[in-house]
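K.L.:
This is the structure I have questions about; it appears just below.
The values are calculated or read from the model by the stated rules, or taken from the named source; none is laboratory data. As the structure is a prediction and not an experimental result, all values here were calculated from the model. Using ideal geometry, Cβ is built from the backbone for each residue, glycine included, and neighbour counts are taken over all protein chains shown.
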Amino acid sequence: MKIAHVGDIHWGLNYPGPTPEARFQDICRTMDWVADQIINEDCDLVLVAGDAFKDARVFLDRASVEISAFVAWLRKLTAAGIEVIVISGTPSHDAIAAYRLIQEMQLPRVTICTEPEVIHHDFVSIACLPGMNRSGVVTQEEFKGMAPHEIHAMMTERITATCRQMWESCNSPAILLGHLTYDMADKGFEDVLMQHEPVLTPEAIESFDLVALGHIHRPQQNGNVFYCGSPERLSFNDEGIDSGFWIHKWDEEVFISEFIDTPARRFRTITWDELLVRNFMKDTEFISSFYERFDGQIIRLHYSCPDELNKQLDRKRIEKALYDAGAFFVSEIKADIHRQDRARDQEVTESLGPIEALAKWAEQQGISQEEVIELQSMAAGLLEEVAV
């Protein structure tokens, strides 16, 4: 028996890109590729580990497009005779209403779970643990007045108890399909963001044969615990991270797992020092000669140089050169300005009032004149309040 494990798809419009639809189309293309691979691998079951969508609160015109894309993907799998089990993800991404709407469509071979439950499928049991977050719990009466760490501890205890109860209803092999943070996972940059979230402990999963999780966009294996990551890279947080999904094969005693890489679009950060900045100013063809073609990558450029050199630099020319070199989208061109004569700057700053000093700083940072005026107005108001 083969089981595909996919999650964190985040179908959605308005990602940064050349058009509001461009990255949505990337996701659709990648997910169509994923469906073809799952069908070609003769998978019997697909587990979707939450976060099918980008944003929970969207207008109907956008929601209908995103839901239709997900449903079309489900239909492609089920038309090939494959069963699909879907759990909802983090509430800020996945609106329960969207999942209930899909439920009402009564798609054959598709099971939607928005609450913990156990599903028995042929020779395997799947304990489903949909996504949750602390904000959805603190509004409950029993949690009012509790400190964050107390809420965190109580939620973790309840998750552990729920997992054990569901396991008791499972046959062997037993799979836990969830959308949350595993205590031993490599969380990467998301670690700080997740510190007050409910946690899946080793004690909660110890009896399951396979734990298939979504939520962390970093594919990984920790014993029998797997994160699939996202099939399509969605931001610079995914730069350098593999994108794909897992196929788990049951061999009568244990699951054997293989990660399948997807043809996801790449993100790339370019850094220039002063020498490279000067090279570009001498020859705009420098980018094409210095780098291999970007071949549809999403690019951001961070450069450092003295203030005087930065004032001579034409960012529009940089942007055009990046596109000419094959960039799909130029996300950012950001400067780190070197202040060459610090002693002189300090003297000038000491002789200036705070409003004038603010204007000088803003000029060095390349802030527009309109924004400078607004900043000065805000600063003047604050100074008046302090004087009083």
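K.L.:
Only one of ILE102, ILE112, ILE67, ILE85 is in the same structural domain as CYS163 (by TED's automatic domain parsing), touching a strand residue (DSSP E or B) at 6+ places or on another chain (Cβ under 9 Å), under 19 Å from LYS2 (Cβ atoms) and among the hydrophobic types (A, V, I, L, M, F, W, C). Can you tell me which?
P.N.:
Answer to the selection: ILE85.
K.L.:
Consider GLU258 against the criteria (1) closer than 30 Å to LYS2 by Cβ; (2) over 20 Å from the mean Cα position of the chain (by Cα); (3) assigned to a loop (DSSP other than H, G, I, E, B): it satisfies all of them except one. Which criterion is unmet?
P.N.:
Just one mismatch for GLU258, condition (3).
K.L.:
Quickly run through segment 322-354 and pick out the residues that are hydrophobic (A, V, I, L, M, F, W, C) and modelled with pLDDT under 75.
P.N.:
Hits for segment 322-354 are ALA343, VAL348, LEU352.
K.L.:
A further question follows. If I filter segment 268-294 down to residues being over 26 Å from PRO306 (Cβ atoms) and either among the β-branched types (Val, Ile, Thr) or in contact with a Gly (Cβ under 8 Å, 6 or more places away or on another chain) (or both), which single residue comes out as surrounded by the most Cβ atoms within 10 Å (Cβ to Cβ)?
P.N.:
PHE294
K.L.:
Let me ask something else about it. Taking interchain pairs and intrachain pairs at least six residues apart, which have beta carbon atoms under 6 angstrom, with the first residue in segment 262-284 and within 23 Å of ARG218 (Cβ to Cβ) and the second among the small types (Gly, Ala, Ser)?
P.N.:
Every condition considered, the pairs that remain are THR262/SER243; THR262/GLY244; ALA264/SER243.
Per-residue answers, yes or no, for (1) modelled with pLDDT of 95 or more; (2) assigned to a strand (DSSP E or B); (3) not basic (Lys, Arg):
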{"site": "ASP186", "(1), (2), (3)": "no, no, yes"}
{"site": "GLN195", "(1), (2), (3)": "no, no, yes"}
{"site": "VAL211", "(1), (2), (3)": "yes, yes, yes"}
{"site": "GLN221", "(1), (2), (3)": "yes, yes, yes"}
{"site": "PHE226", "(1), (2), (3)": "yes, yes, yes"}
{"site": "GLY229", "(1), (2), (3)": "yes, no, yes"}
{"site": "GLU232", "(1), (2), (3)": "yes, no, yes"}
{"site": "ASN237", "(1), (2), (3)": "no, no, yes"}
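K.L.:
Something else: Please work out which residue is nearest to PHE226 (Cα to Cα), limiting yourself to segment 243-259 and to residues that are crowded, with 16+ Cβ neighbours inside 10 Å and touching a Pro at 6+ places or on another chain (Cβ under 9 Å).
P.N.:
Per the criteria, the residue is TRP246.
K.L.:
Would you mention how many residues in segment 3-52 are surrounded by 18 or more Cβ atoms within 10 Å (Cβ to Cβ) and among the basic types (Lys, Arg)?
P.N.:
Final tally of qualifying residues: 1.
K.L.:
OK, next. For segment 7-115, please list each of the strands (runs of 3 or more DSSP E) lying entirely inside it that holds at least 3 residues being on the phi < 0 side of the Ramachandran plot and out of contact with any helix residue (DSSP H, G or I) (no Cβ under 8 Å at 6 or more places or on another chain).
P.N.:
In segment 7-115, the matching strands (runs of 3 or more DSSP E) lie at 45-48, 83-87.
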